[in-house]
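The next block holds one structure in the form of structure tokens; read it before the comments.
The values are calculated or read from the model by the stated rules, or taken from the named source; none is laboratory data. Just so we're clear, the structure is a prediction, and the values are computed from it rather than from any experiment. Please note: Cβ atoms are built from the backbone with ideal geometry, for glycine as well, and neighbour counts cover all protein chains shown. Surface areas here come from the heavy atoms of the whole protein model, side chains and all, with no ligands, DNA or RNA. Shrake-Rupley method; radii C 1.70, N 1.55, O 1.52, S 1.80 Å.
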Amino acid sequence: MTIRRIQPWRRIAEAVQAVVILGLPFVRINGESALRFDISSLRLHAFGVSLWMDEFFIVLMGLFFLTFLTILVTLLFGRIWCGWLCPQTVIIDITKFLDRARSKGITQKALAYVLTLAACIVVAASLIWYFVSPYEFIPALMAGNLGPVIWGFWISLTAILFLNYAFLRHTWCATACPYAKLQGALFDSSTMVIAFDGQRQGECMDCRACVKVCPVHIDIRKGLNAACINCAECLDACASRLEKKQKPGLIGYFFGRPGSGRNLLRTNALLIGAITLLFLLFFLYLSFTRNPYDLTVMPNYDMKPRVTEKGELLNSFILATENKSRRDMAFRTAANIQGRMVRVLPEKIMLKAGEYKRVPVYLFLPENVKGTADLTLEALPPSSLKIVRNITILFPPEAK
């Protein structure tokens, strides 16, 4: 009888996650990090898109989506995150040699702690890379120009991580993790859990293999426990013992109680799933309809409206323009009133990538004109991208 092991699949999932977290800061899209928050410019670079601080409502919608997705996944699949993808669990598994070294000599213990410290140094650096590009961080480190602020964060993060992974380890998961404490409120009678099949209790050999391998030291045979992180170590341990008797293991993944069957399409799951989908659609809508160019028209108090020698009404405004994209752009200025085009200076405005500029513009209008005008910025070369603002025509005091 062949038993399908869980741990090899968990190791693959953990390895993929480690590669993604460590490697993502090195991925560049359109010349910027694939995912990084730039503190100096207060911009979030996310997979080819740069979001400025005034666009963080898009990020907020994304966070709402992730929050409800987490609730939905927890409701359906329990602590699958804790056992398979949580960085705490992944790094503990990577540094599992430390648990084995505790029962050995001082040399092995010292080496295990040194290796754990080295892992914490790398992990701490990778966290900083989501704020400071590794292409800036590593050369600055090699040149000795990293700076006291970054050094301070790196040392502090390393110390916190080392204390956690050298001493707390799974104790954090079982006692202090806030996500773990929410499980009781998110679980229902059909949530997927790792459980002991009480209907086959008579087949248990009382070998205690499941208890010996449990990282949080619980006895799964006594029922569900809030400290369980769904690592499935007990599942494989039990299966390997009963495999010799050509029997399946007594511990497994169950939706609710063993033998009760799965019920994924229940009312609370459908409701939370609908809310999750709603936030996802809203997030996608905001992402795809965002305008990376902004224009605000303000009065130019340094230039009062007047009539020129040619009999034209001269109005001046300040254009506060912003290019939030990652490429330089040129815009042609234009204005019309009641369907008539009027002369505008300057005729073209250049904006570098990420540039904010205040530009004075001058409109030469017919003297007898009244009402409002439409001021337009059209991207060059001619395209469908146009920014239109309605402005009120101003008159000299003697003309009123």
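In the set (1) in contact with a Gly (Cβ under 7 Å, 6 or more places away or on another chain); (2) surrounded by fewer than 19 Cβ atoms within 10 Å (Cβ to Cβ); (3) among the aliphatic types (A, V, I, L, M); (4) at pLDDT 90 or above, the condition left unmet by L270 is number (1).
Residue-level check: of (1) within 19 Å of I318 (Cβ to Cβ); (2) at pLDDT 85 or above; (3) open to solvent by 50 Å² or more (accessible area, probe 1.4 Å), T372 misses just (2). Each residue in the range 8-17 was checked for being touching a residue at least 12 places away in the same chain (Cβ under 8 Å) and open to solvent by less than 70 Å² (accessible area, probe 1.4 Å), and 4 pass.
For the range 140-151, state whether one or more residues are of a type in the set (F, W, Y), within 30 Å of S41 (Cα to Cα) and touching a Pro at 6+ places or on another chain (Cβ under 7 Å). Scanning the range 140-151, I find no residue that is of a type in the set (F, W, Y), within 30 Å of S41 (Cα to Cα) and touching a Pro at 6+ places or on another chain (Cβ under 7 Å), so the answer is no. Annotation note: Cβ proximity below 6 Å between a residue of the range 203-217 that is farther than 19 Å from H170 by Cα and a residue that is modelled with pLDDT of 95 or more and polar (S, T, N, Q) (sequence gap 6+ or interchain) occurs for no pair. When V20 is tested against (1) modelled with pLDDT of 90 or more; (2) part of a helix (DSSP H, G or I); (3) open to solvent by less than 70 Å² (accessible area, probe 1.4 Å), exactly one condition is not met: (3). Of the residues making up the range 212-233, those that are touching a strand residue (DSSP E or B) at 6+ places or on another chain (Cβ under 7 Å) and farther than 22 Å from Y179 by Cα number 1.
The set of residues from the range 223-259 being free of Cβ contacts under 8 Å to residues at least 24 places away in the same chain and within 31 Å of the chain's Cα centre (by Cα) comprises just one member, N225. Within the range 229-249, if we keep just the residues that are part of a loop (DSSP other than H, G, I, E, B) and over 22 Å from C82 (Cβ atoms), the residue that is most open to solvent (accessible area, probe 1.4 Å) turns out to be Q246. Pairing each residue of the range 132-161 that is at positive phi with any residue that is open to solvent by less than 70 Å² (accessible area, probe 1.4 Å), provided the two are 6+ apart or on different chains, yields C-beta distances under 9 Å for G147/A140.
Of the strands (runs of 3 or more DSSP E) entirely within the range 35-152, those holding at least 2 residues that are touching a Leu at 6+ places or on another chain (Cβ under 6 Å) and open to solvent by 30 Å² or more (accessible area, probe 1.4 Å) occupy 35-38.
For the range 181-209, the candidate set comprises residues that are part of a helix (DSSP H, G or I) and touching a helix residue (DSSP H, G or I) at 6+ places or on another chain (Cβ under 9 Å); within that set, the residue that is surrounded by the fewest Cβ atoms within 10 Å (Cβ to Cβ) is Q201. Could you look through the range 299-353, keep only residues that are of a type in the set (K, R), assigned to a loop (DSSP other than H, G, I, E, B) and closer than 17 Å to E367 by Cβ, and pick out the one that is most open to solvent (accessible area, probe 1.4 Å)? Across the range 299-353, the extreme among qualifying residues is K310. Among the residues making up the range 175-218, those that are small (G, A, S) and closer than 27 Å to A269 by Cβ are A180, G184, A185, S189, S190, A195, G198. Restricting I71, I91 to those that are of a type outside the set (G, A, S) and more than 21 Å from I194 (Cβ to Cβ) reduces the list to I91.
Among the residues of the range 83-123, none is identified as more than 25 Å from R10 (Cβ to Cβ) and touching a residue at least 60 places away in the same chain (Cβ under 8 Å). For the range 354-363, residues that are within 33 Å of the chain's Cα centre (by Cα) and open to solvent by less than 100 Å² (accessible area, probe 1.4 Å) total 3.
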